[in-house]
Amino acid sequence: MPKSPAKVVPTTAAPSRLAVRKTYKLFIGGAFPRSESGRTYLVDGDNVALASRKDARDAVVAARKAQAKWAGATAYNRGQVLYRVAEMVEARRDEFVALGVPAAEVAAAVDRWVWYAGWSDKIAQVHGSANPVAGPFFNISAPEPTGVVGVVAPASFLGLVSVIAPAIVTGNTVVVLAAAPQAAVTLAEILATSDVPGGVVNILTGHAAETAPWLASHDDVNALDLTGVTDPALATDLERPRPAISSGCCARRPANRTSRPTPACTP
Amino acid sequence: MFTYAPAPESRSVVDIAPSYGLFIDGKFVPASGAGGVFKTVNPATEEVLAEVAAAGTEDVDLAVAAARRAFGPWSALPGAERAKYLFRIARIIQERSRELAVLESLDNGKPIKESRDVDLPLVAAHFFYYAGWADKLQYAGFGTTPLGVAAQVIPWNFPLLMLAWKIAPALAAGNTVVLKPAETTPLSALFFAEICQQADLPPGVVNIITGAGETGRTLVEHPDVNKVAFTGSTEVGRQIAQSVAGTGKRLTLELGGKAANIVFDDAPIDQAVEGIVNGIFFNQGHVCCAGSRLLLQESFAEEFLDSLKRRMATLRVGDPLDKNTDVGAINSAAQLERIRSLTQAGSEEGAERWSPPCELPAQGFWFAPTIFTGVTQAHRIAREEIFGPVLSVLTFRTPDEAVEKANNTPYGLSAGIWSDKGSLILAMADKLRAGVIWANTFNKFDPTSPFGGYKESGYGREGGRHGLEAYLA
């Protein structure tokens, strides 16, 4: 993450005035709690919440709670919500620039929200089908959300948007381990005011290497997106199926490593 | 029966100018004058709303030339940028939807609750939907090359919605358009022109020219047009197909219909009655896919008709701007005349006519909701599109008979099936020759769902992924 030259909010007042600094907290279930562990770490002089495994579990609970309703919303509605996020990011471009995100990258991130907003009511038309089976059956296929997705986000702001938007547009909810905390929390503030229901996106700041294994081994996480994992050994470890818990009857389906869907690469 | 106090929607949200020119190359310009001017009236009161220019040959030339100039840069824009223009337009429509709904009810005569709750939300949704396609054309499977200049002629029954059906996919695919709204309902298209300005849409991408049949003919016959899209009567559609033949212009036609609404005796009666009423009295029956033929299973026909008549007696006919109004004004004197002459033919040919007691306003164009029973397949009211609040009731005994009667029409736009039995619905849907088939509902539209007909109802599909095909090569 490019470091911010100065962590001054663009709307500064007269030089004599002492600036009010922002507290960077987690984003879980639509609220901004501190880490239950009470830990913080220093990023560019800011104390940022350092998420623990318990925070990760709380976030999974919040994501699960929100998932059914979000998936049950109409595709049109989800598209509208994502477009609203684009509008709000556009309005707060300067804030991201002040945090060191290049202006062109912020613009690309806005466009990426718009791109995925448009997919909401098209993904089933492109990837679904009416299957002409040779029998008296009515047979259709339609893509469905997998559920709760654990995401290790890349360091860039555009990367962060590019892992969240495609996961949620189809009705999944996400727990995101963010690499660049200030930009991620600023995005969380946007999500919190863009009609995204609480719990659909949960963002944890801290060390992915510490929290990711807890997401990967969590029984209620349906899929993993490891796009942001830079350590190959950690990636391999996270990808490995967990051993079945106790009695052999219900070996847990290994969390899937999900690559980004094709559309992500296009614009 | 209780009565309703008047609940009129305020018309103060709309500011209609006394006269309008044409919208060419991003500007409102006076017409050359060759086509003259005409008045558009509120069909509920016969009050003149505005004077509108009729585009002559010279004006059509200018509009097509503007669209041609705009085509190069517009089609060269990255899809994502075109998408953002369309999203903007969608947002402005959402923000101005109350104003546009009132305007539409004033100019068209449809009840405000329909323009507010059906037309406008669908218009905005249509632009949102196709905005999303603009940068995803390669996923649609119809190529990614736009055709060029599209000439689009739309009817008066859903003025703004038909405009959205035409303009949104055309622009998403990278075409530019010249659109002619119907002569009795030009105002919402002119307001849309203003929305294009508000959205900073590049000049010439959308051009709106007003006028009657002659203007439309000049437009579709213009040699520099690559694509013709028409929604309207089968008669005019046929003339257009004739004139387009051999020119290489691409053509889609969305024409008339005489839909069968088939009710089996296991259908829940009250829900089916609601659906039948919605199917034929929605928008005064000015709907090409209206369920204008009711096919009732004989075993429960009488019981069903009693319920239907009881429900019809509660329909409120009157002021389109009243929020409680169910059935508004007939769009024009000419259309009222057509409905009258066809219903008279129904009586003369021996069908039994019934309307609920219903007081109609003295001014304006009105027609009471009407049903005909004892209709045979030979009657004109069972064969010809009335395009008004008139339902022809026939009966059947077996599913096969229902299919045969439903398909016994030159049209094939839509059909409805009412039954509790899923397998029967699917089997029927398989055999009905109609482009859109509703089961246990009727007149439900969505931008993601393609719409269009078989046979004399035209060809091509509008809406959905399929709707892009008409604008891509």
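The values are calculated or read from the model by the stated rules, or taken from the named source; none is laboratory data. Quantities reported herein were computed from a predicted structural model and do not represent experimental measurements. Cβ: placed from backbone, ideal geometry, glycine included. Neighbour counts: every protein chain shown.
Checking B:VAL225 against (1) over 24 Å from B:GLY79 (Cβ atoms); (2) in a loop (DSSP other than H, G, I, E, B), which test does it fail?
(1)
Among the listed residues B:GLY453, B:GLY416, B:GLY464, identify the single one that is touching a residue at least 24 places away in the same chain (Cβ under 8 Å) and more than 23 Å from B:ALA301 (Cα to Cα).
Answer to the selection: B:GLY453.
Yes/no per residue for (1) of a type in the set (Gly, Ala, Ser); (2) buried (at least 23 other Cβ atoms within 10 Å of the Cβ); (3) away from chain A (no Cβ under 14 Å); (4) under 19 Å from B:TRP165 (Cα atoms):
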site	(1), (2), (3), (4)
B:THR40	no, yes, yes, no
B:GLU47	no, no, yes, no
B:ALA63	yes, yes, yes, no
B:GLU99	no, no, yes, no
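Taking strands (runs of 3 or more DSSP E) that do not extend beyond the stretch B:378-473, which have at least 3 residues that are farther than 30 Å from B:GLY350 by Cβ? Don't jump to the end; show me each part of the working.
Working: elements: B:390-396, B:414-418, B:436-439.
Passing ranges, in order: B:436-439.
Collect the residues in the stretch B:176-199 that are over 22 Å from the mean Cα position of the chain (by Cα) and in a loop (DSSP other than H, G, I, E, B), keeping them in residue-number order.
Once the filter is applied, which keeps residues that are over 22 Å from the mean Cα position of the chain (by Cα) and in a loop (DSSP other than H, G, I, E, B), the stretch B:176-199 yields only B:ALA199.
If we keep just the residues of the stretch B:377-386 that are touching a helix residue (DSSP H, G or I) at 6+ places or on another chain (Cβ under 7 Å) and over 15 Å from B:PHE282 (Cα atoms), which is surrounded by the fewest Cβ atoms within 10 Å (Cβ to Cβ)?
Here the residue is B:GLN377.
Limited to the stretch A:105-151, what total is found for residues that are among the aliphatic types (A, V, I, L, M), over 23 Å from A:ALA223 (Cβ atoms) and more than 14 Å from every other protein chain (Cβ to nearest Cβ)?
The qualifying residues number 2.
Here is a yes/no grid of residues against (1) crowded, with 19+ Cβ neighbours inside 10 Å; (2) under 17 Å from the mean Cα position of the chain (by Cα); (3) more than 14 Å from chain B (Cβ to nearest Cβ); (4) aromatic (Phe, Trp, Tyr):
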{"residue": "A:VAL20", "(1), (2), (3), (4)": "no, no, yes, no"}
{"residue": "A:LEU26", "(1), (2), (3), (4)": "yes, yes, yes, no"}
{"residue": "A:ASN47", "(1), (2), (3), (4)": "no, no, yes, no"}
{"residue": "A:ALA62", "(1), (2), (3), (4)": "yes, yes, yes, no"}
{"residue": "A:LYS69", "(1), (2), (3), (4)": "no, no, yes, no"}
{"residue": "A:GLY79", "(1), (2), (3), (4)": "yes, yes, no, no"}
{"residue": "A:VAL85", "(1), (2), (3), (4)": "yes, yes, no, no"}
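Looking only at the stretch B:204-215, decide whether some residue is under 24 Å from B:ASP59 (Cβ atoms) and among the charged types (D, E, K, R).
yes
In this structure, is B:GLY422 farther than 30 Å from B:ALA131 by Cβ, within 14 Å of another protein chain (Cβ to nearest Cβ) and either surrounded by fewer than 23 Cβ atoms within 10 Å (Cβ to Cβ) or of a type in the set (S, T, N, Q) (or both)?
yes
Considering each of B:GLY132, B:GLY141 in turn, give the residue that is within 14 Å of chain A (Cβ to nearest Cβ), on the phi > 0 side of the Ramachandran plot and in contact (Cβ under 8 Å) with a residue 12 or more places away in the chain.
B:GLY141
Restricting to the stretch A:88-104, name every residue that is within 14 Å of another protein chain (Cβ to nearest Cβ) and in contact (Cβ under 8 Å) with a residue 60 or more places away in the chain.
Answer for the stretch A:88-104, where residues must be within 14 Å of another protein chain (Cβ to nearest Cβ) and in contact (Cβ under 8 Å) with a residue 60 or more places away in the chain: A:MET88, A:VAL89.
Name the residues in the stretch A:130-151 that are under 30 Å from A:ALA184 (Cβ atoms) and β-branched (Val, Ile, Thr), would you?
Those that are under 30 Å from A:ALA184 (Cβ atoms) and β-branched (Val, Ile, Thr): A:THR146, A:VAL148, A:VAL149, A:VAL151.
Is it the case that B:THR373 is surrounded by fewer than 23 Cβ atoms within 10 Å (Cβ to Cβ), among the polar types (S, T, N, Q), touching a strand residue (DSSP E or B) at 6+ places or on another chain (Cβ under 6 Å) and modelled with pLDDT of 95 or more?
It is true that B:THR373 is surrounded by fewer than 23 Cβ atoms within 10 Å (Cβ to Cβ), among the polar types (S, T, N, Q), touching a strand residue (DSSP E or B) at 6+ places or on another chain (Cβ under 6 Å) and modelled with pLDDT of 95 or more.
Which residue, of A:VAL185, A:VAL176, is at pLDDT 95 or above and part of a helix (DSSP H, G or I)?
Numbers: A:VAL176 fails: part of a helix (DSSP H, G or I).
It is A:VAL185.
Quick test of your reading of the structure: A:VAL151 fulfils all but one of (1) in a helix (DSSP H, G or I); (2) buried (at least 24 other Cβ atoms within 10 Å of the Cβ); (3) of a type in the set (A, V, I, L, M, F, W, C). Name the failing condition by number.
(1)
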